[in-house]
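Have a look at the structure below before the remarks.
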Amino acid sequence: MEAPNSFKTLKADLLSGKYSTVDLVDYYLSRIHAFDGEIQSILTITDEIAFKKAKKADALIKKLKAKAFAEYPLLGVVVGYKDMFLKDGVRTTAGSRVLNGYVAQYSATAVEKLETAGAITIAKLNQDAWAHGASGENSDFFITKNPYDKARVAGGSSSGSAAAVASDFCLIALGTDTGGSVRQPASFTNLVGLKPTYGAISRWGVIAMSSSLDTVGVIGKNIADVKQTYDVLKGEDGHDSNVRLQTKSFDPGKKVTIGIPKEFFAERLDPEVKTKVEEVINTYQQMGHKIINISLPHTKYGISVYYIIQPAEVSSNLARYDGVRYGKDRLAFGSEAKRRIMLGSFVLSAGHYDAYYLKAMKVRNLIKMELEKAYEKVDVILAPVSPTPAFKIGEKQGDPISMYLSDIFTVTANLTGTPSVAIPGGFSKSGLPIGFQLMGPRFSEDLLFNLGQKYQAQTDWHTRKAVL
Ligand code: GLN
């Protein structure tokens, strides 16, 4: 048996009886047992839940045939999700020892929506503790390896989500993206990663990290699967007052104007990443889209602004783990969480609030206005995801600033609440995946998917698999 590479193949295989959903769960579990000892992408396996759901799916397919898939758009899709998402009755840690042994009392809306749509949840996935990190090395449990080179990180903080999909332990995974944590690991592992518009998907039941930046994201093998999952996840649930879905229509056949921000191609960019992204730009140009150079001068302050606002919000959100309400052992906070709590408390303190927090909020607004202005001229923006391909385990660990700079190209979308999709754009000479991102105005997800799909139709990068 071979793992399906798309929802489309999965549906065809299940309908033709090539395998049943129960067979599929068995197959994924056998891969997990064979390979996850080394990859270390999983924190909790929920095989009982998976088999129960799989049996139901098989019965539905037997009874309703193709109609079952119309009624349940994710029928038989095996998913994993980052340990930030609560699941009723299941251990939930956010990658931190502080929550070790914590069992959730209710389920996140995102997880529930997937299951209601017929998906089968198989595992809770490793991550940087509290989603602080860009490499997975801040997990309090273990370091997830990159399936394309096990001496390298899978990216972060949704390290397990990316590695599990790239290792065929599941077909799709949920992550969270606060500063790049879905797009960067997706781009390190040859996958598609969606960071949606802020307020498109409910965060009910997702452990809060930085509330004005956090989004629920999706990592999958191709654009169509990610879009289909997004369509299931989006919209109000009555629990997250930030969710206000809007639709932005567009002409799917129209040639668009793509902006290339010169600041994203400056000195920090690895030459191989630059070449790959330039090749992507050429591909779009050859398809007849208009490429124009733009400038976003304030985005260079993005990382500084992010590392003021984000820790400020972290210091407030983590205050609840005081050992009285949640968290058995608040002394178990790792050094990165401590660094952020201290930084956040500092920038919010009476003597420093104006100089840091307020200033950062003002610059955040400038970045937002600058981007809005750019979108008056261009339909979308194309940029690298990360300055380098996946780096070696340990390479940046002693140097928080260099780790923080991994997100230099991704934080803009979070600071402005706009969507961005990371898409596989090829491989480096040494075989490491390199992604690019398409960014657009608020609620332009469908346009980004449409353009991403057009690129995917011209290339076959996304079909290449890691050899475990
Ligand atoms: N790497 C960034 C950080 O450490 C982003 C994290 C995220 O998006 N969750 O904060």
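List of remarks:
- Where 41, 30 fall by accessible area, highest first, once all protein chains stay in place (1.4 Å): 30, 41
- Quotient of Cα Rg and 2.2 N^0.38 Å for region 95-249, N being how many residues it contains: 0.98
- Across 247, 178, the residue with the most accessible area heads the list, and the full order at a 1.4 Å probe is 247, 178.
- Coarse-grained scattering of the chain at q = 0.08, 0.10, 0.13 Å⁻¹, given as base-10 log I(q)/I(0) from a Debye sum over alpha-carbon atoms: -0.41, -0.66, -1.16
- In the chain, helical runs assigned H by DSSP with n ≥ 4 each contribute -39500 (n - 2.57); averaged across all residues and rounded to the nearest 500, the mean residue ellipticity at 222 nm is -11500 deg cm²/dmol.
- Modelled spin labels at residue 275 and residue 262, positioned 7 Å past Cα toward Cβ, are 2.4 nm from each other.
- Near the amide H of residue 418, within less than 5 Å, lie the amide hydrogens of 198, all on another chain or at least 5 residues away, with H placed in the peptide plane.
- Over all Cα atoms in region 1-117, the spread is summed up by Rg and Dmax: 15.3, 47 Å.
- Radius of gyration (Cα atoms) of region 349-461, expressed as a multiple of 2.2 N^0.38 Å: 1.29.
- Ranking 90, 151, 461 by Cα position along the charge dipole of the chain, where only Lys, Arg, Asp and Glu carry charges on their C-beta atoms, puts 461 farthest toward the positive end.
- Segment residue 402..residue 300, full-extension length gain: 35.2 nm, with 0.36 nm per residue of separation and the alpha-carbon distance subtracted.
- Environment charge of residue 361, counting only residues whose C-beta is closer than 14 Å and scoring Lys/Arg +1, Asp/Glu -1: +2
- Within region 347-403, trypsin sites (Lys or Arg not before Pro) in DSSP loop having at most 14 other beta-carbon neighbours inside 10 Å: none
- Using a probe of 1.4 Å on the protein chains alone, the accessible area found for residue 33 is around 130 Å².
- Mean Cα-pair separation over length for region 284-365, i.e. relative contact order, pairs under 8 Å, 6 or more apart, %: 38
- For region 241-321: rounded, prolate or oblate by the Cα gyration tensor [a/c cutoff 1.5]: oblate
- Region 326-468: Lys pairs at Cα distance under 23 angstrom, eight or more positions apart or on different chains: 12
- Taking Cα centre as origin and charging only the Cβ of basic (Lys, Arg, +1) and acidic (Asp, Glu, -1) residues, the dipole magnitude of the chain rounds to 420 debye.
- Note: relative contact order over the chain, using C-alpha pairs below 8 Å and six or more positions apart, is 17 percent.
- Taking label points 7 Å from Cα along the Cα-to-Cβ direction, residue 468 and residue 350 give a separation of 5.7 nm.
- Here's the picture: charge each Lys and Arg Cβ at +1 and each Asp and Glu Cβ at -1 in the chain, and of 420, 20, 380 the one pushed furthest to the positive end of that dipole is 380.
- Order of exposure, largest accessible area first, which applies to 270, 13 with probe 1.4 Å: 270, 13
The values are calculated or read from the model by the stated rules, or taken from the named source; none is laboratory data. Being a predicted model, the structure only gives us computed values, none of them experimental. Don't worry about glycine lacking a Cβ; one is built from the backbone with ideal geometry, like all the others, and counts go over all protein chains shown. To get the accessible areas, we keep the full protein, side chains included, count just its heavy atoms, and leave off ligands, DNA and RNA. Shrake-Rupley method; radii C 1.70, N 1.55, O 1.52, S 1.80 Å.
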